[in-house]
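No value in this document is a laboratory result; all are computed from the given coordinates. Predicted, not measured: the structure shown is a model, and the values here were computed from it. All Cβ positions, even for glycine, are placed from backbone atoms using ideal geometry, and neighbour counts span all protein chains on display.
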Amino acid sequence: MSEMGDRIAEALSRIRQEKPLIHHITNFVVMNDTANVTLHVGALPVMAHAAEEVSEMVSLAGALVLNPGTLSPAWVESMLIAGRQANQRDIPIVLDPVGAGATKLRTESNLRLLSDLKIAIVRGNSGEIGALSGAGGLVKGVESVAGVQDPIAVARALARERETVVAITGKRDIISDGERVLGVDNGHEWLQTNTGTGCMSTTMIAAFAAVERDYLWAAAAGLACFGLAAELAAEKAMGPASFKVALFDQIYNLTPEQLAEGAKIVELT
Amino acid sequence: MSEMGDRIAEALSRIRQEKPLIHHITNFVVMNDTANVTLHVGALPVMAHAAEEVSEMVSLAGALVLNPGTLSPAWVESMLIAGRQANQRDIPIVLDPVGAGATKLRTESNLRLLSDLKIAIVRGNSGEIGALSGAGGLVKGVESVAGVQDPIAVARALARERETVVAITGKRDIISDGERVLGVDNGHEWLQTNTGTGCMSTTMIAAFAAVERDYLWAAAAGLACFGLAAELAAEKAMGPASFKVALFDQIYNLTPEQLAEGAKIVELT
Amino acid sequence: MSEMGDRIAEALSRIRQEKPLIHHITNFVVMNDTANVTLHVGALPVMAHAAEEVSEMVSLAGALVLNPGTLSPAWVESMLIAGRQANQRDIPIVLDPVGAGATKLRTESNLRLLSDLKIAIVRGNSGEIGALSGAGGLVKGVESVAGVQDPIAVARALARERETVVAITGKRDIISDGERVLGVDNGHEWLQTNTGTGCMSTTMIAAFAAVERDYLWAAAAGLACFGLAAELAAEKAMGPASFKVALFDQIYNLTPEQLAEGAKIVELT
């Protein structure tokens, strides 16, 4: 663990020194939470969706989050405008395909973002990634009710096909760039009792992607950091809302040393 | 209380077993809170408003919440599309007429939803229901500043006229299907210190309506459950925000047995 | 302090007696928080942005908040419609120019609101006010990364040019109506760890502007009240989220006597 641990601990330190701007075009449900998570981990958030400004805004950013969780066609257009500019400037894009598989609009919009843009990292639950990969998976609203059978194979195949990094979050998170595969075993079941914790983990990944250009490692670091904060917060939980307060406090208070020691990342190939 | 208590306790158990999807087309202010309340009571939330997907999304749902609290004409159109599909599939619609009476747009949009759709339950404060029923009532922003004189008569008359269940929330909640009238005496004054607690109670009603097809009882159960959680949470309140944390924790922690014992529902006719 | 203290303490009492409606046309990130802050200080919030209703809604209001933090051209048009009606009725407008300086759309939209409307108070960080005044200032997303050199001179000059009150928030808040200059030394560094605390302070100012027609004093009172609540809340902070819970509780619990005693307002000219 020590070499890996040092690497992601150093990335956390870099986030706090460089304070990269994380430009989000995201859903209405989580905007406040993901802005706060961005701040707590040490980066700067901005939420901006107007077609008239997204290209200019993303030019200042260290990473771009595209999260069509309450999508409309106009917002998807803004995502494409921002994404093209991000690609031109080599700014990493992290895609959170919320609800892919639940409706045709969601599945097709996410596939279009994957096709038209160079996406650095896609993070979704097993049902969402299954819907995008054609490997099956059933999504009820935004919840995965039936995931893919073999997440390692699906993550690797989709990553290879789309030339991206794919992260499937679950009890063990599976991350692949098409060749390498990592597993992250941090996390806590309290996370499932709050809305938007998937979106928050995507924001954490984006903060790491802004300072760590090996996106496989950025994704693993973001998920380990978020999951570890959840583990530490769980001790103070009396229910979902007190857990969320403790989680946000803990993201802020987490030291690089704690992260180096507590991250549970395994190389699976 | 015991027969009533058993009935609503069983409904709460069914929510947690079946995890019905509650599709919300709701206002920006409360989206995060009502998504969380949906999860905490045991159901699954989805927020989706695009005209292109609402019909498909609602088809998977156990109930549909229409809450035009930050309405615009385009969102009202999406509500109508989703509502028509819900009606066709016999999925209950719960309407929260936020701010009816405050502006012409709000009053007319809510009346249109009531006219064009078969609404299972309408829940509003006294001023809002007064505005919809023509019985008077004054609304300042989204707050009832002067309610109806005789809530029982107004609820019963509006329920009969619109063939729906009407719930007027206040110190004693009054619920009628046009014939029967129930009163719910659960609740706590801390609820008034937070925004969106009316919207949250509507979400609770929708979760119960997804498993209990006698909508008079679904409305009473949702309000009793929410009000009881507030009573239990009040002990931990140091102010509005710590109350809200305790309320959300308590909704999650509330057992069917506690609900059976603590619900204060009275038959008024 | 005693005369000043009595004056702003009396204003806080008036908010709680009169419960003025504060109409917000604001950004998606903070809607829930600023609605809650409005309630906690003692006023009534409403969020409404539809061009079809903003003129009618603002007519009932004690103050109008314009906060283009997640702006689009259509929302700016609604702000202009509401603002013109507010001006006609002599209802004070408080402008929060979120992200002015970060993109052309933000800078120009805020300048247009300043030009086309009579704004009672503008509150921004040093970078945002710098961008509006032409005095420089650099904004990264919504964060001031390089402020104006001489905030007193800039606040006074912009206030004079625009015939408004300008409040530049920072370690010491600087407020000027073009002649008089006040400094407010309340506040706590925990405020910087949460998103939207600037927006919350604008809402506090608007609540005071609804009852205190000397807008220089309304701005100082709002900032002192918010900053004092933050100081008192800081004792309970274990991190940003527990601080926010304590802050909201404290705004609600703050008495006029505490405000009279704890406000740190200095006359700088």
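Key figures
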item: Most fluctuating residue given options B:MET79, B:MET31, B:MET238, as computed from a GNM of chain B linking Cα atoms under 10 Å; result: B:MET238
item: Amide H within-cut-off set for C:GLY101, under 5 Å, with H built and near neighbours excluded; result: C:THR107
item: Label spacing, shortest first and in nm, from A:ALA146 to its equivalents in the remaining copies (7 angstrom along Cα→Cβ); result: 5.8, 5.8
item: Mean residue ellipticity (222 nm) of chain A, computed from DSSP H runs ≥ 4 via -39,500 (n - 2.57), nearest 500; result: -16000 deg cm²/dmol
item: Pairs of lysine residues in region A:2-267 - Cα separation under 19 Å, sequence separation of 8 or more or cross-chain; result: 5
item: DSSP-loop GluC sites (Glu not before Pro) across region A:180-269, with at most 15 other Cβ within 10 angstrom; result: A:GLU235
item: Size of chain B as Cα extents on the principal axes (Å, biggest first); result: 42, 41, 37
item: Long-range amide H partners of C:VAL181 with built H, under 5 Å; result: C:LEU268, C:THR269
item: Region B:133-269 - Rg (one decimal) and Dmax (whole number), Cα, Å; result: 14.9, 44
item: In region C:74-175, the GluC sites (Glu not before Pro) that fall in loop regions by DSSP, at most 13 other Cβ within 10 Å; result: C:GLU163
item: Neighbour-count ranking [beta-carbon atoms within 10 angstrom, fewest first] of A:MET4, A:MET47; result: A:MET4, A:MET47
item: Percent RCO, i.e. relative contact order, over region A:105-212, from Cα pairs under 8 Å lying at least 6 residues apart; result: 19 percent
item: Shielding by partners, peptide B:72-81 (average Cβ within 10 angstrom, other chains); result: 2
item: Taking A:VAL181, A:VAL154 and counting other C-beta atoms within 10 Å, the order from fewest to most; result: A:VAL181, A:VAL154
item: DSSP H segments from chain C that extend 24 Å or more along their own axis, Cα-based, with Kyte-Doolittle mean of 0.0 or above; result: C:215-234
item: Sparse-neighbourhood loop sites, trypsin sites (Lys or Arg not before Pro) in region C:166-269 - DSSP loop, at most 12 other Cβ within 10 angstrom; result: C:LYS171, C:ARG213
item: Whole-number D in µm²/s for region B:1-62 (Stokes-Einstein; Kirkwood sum over Cα pairs; 20 °C, 1.002 mPa s); result: 167 µm²/s
item: Share of alpha-carbon pairs per 10 Å distance bin for the protein assembly as shown, given as whole %; result: 3, 14, 24, 27, 20, 10, 2, 0
item: Nm distances between copies for A:LEU268, ranked from closest, using label points 7 Å along Cα→Cβ; result: 5.7, 5.7
item: Förster-model FRET efficiency, 45 Å R0, A:ARG89 and A:ALA146, C-beta, rounded to 0.05; result: 0.70
item: Average beta-carbon neighbours from other chains, 10 Å sphere, peptide C:53-60; result: 4
item: Average partner coverage of C:33-45, which counts Cβ from other chains inside 10 Å; result: 4
item: Residue exposure sequence - A:HIS40, B:HIS24 - by fewest surrounding Cβ within 10 Å; result: A:HIS40, B:HIS24
item: Relative contact order of chain B, defined on C-alpha pairs under 8 angstrom at six or more residues apart (%); result: 20 percent
item: Translational diffusion of region A:14-114, µm² s⁻¹ [Kirkwood Rh, Cα pairs; Stokes-Einstein; 25 °C; 0.890 mPa s]; result: 181 µm²/s
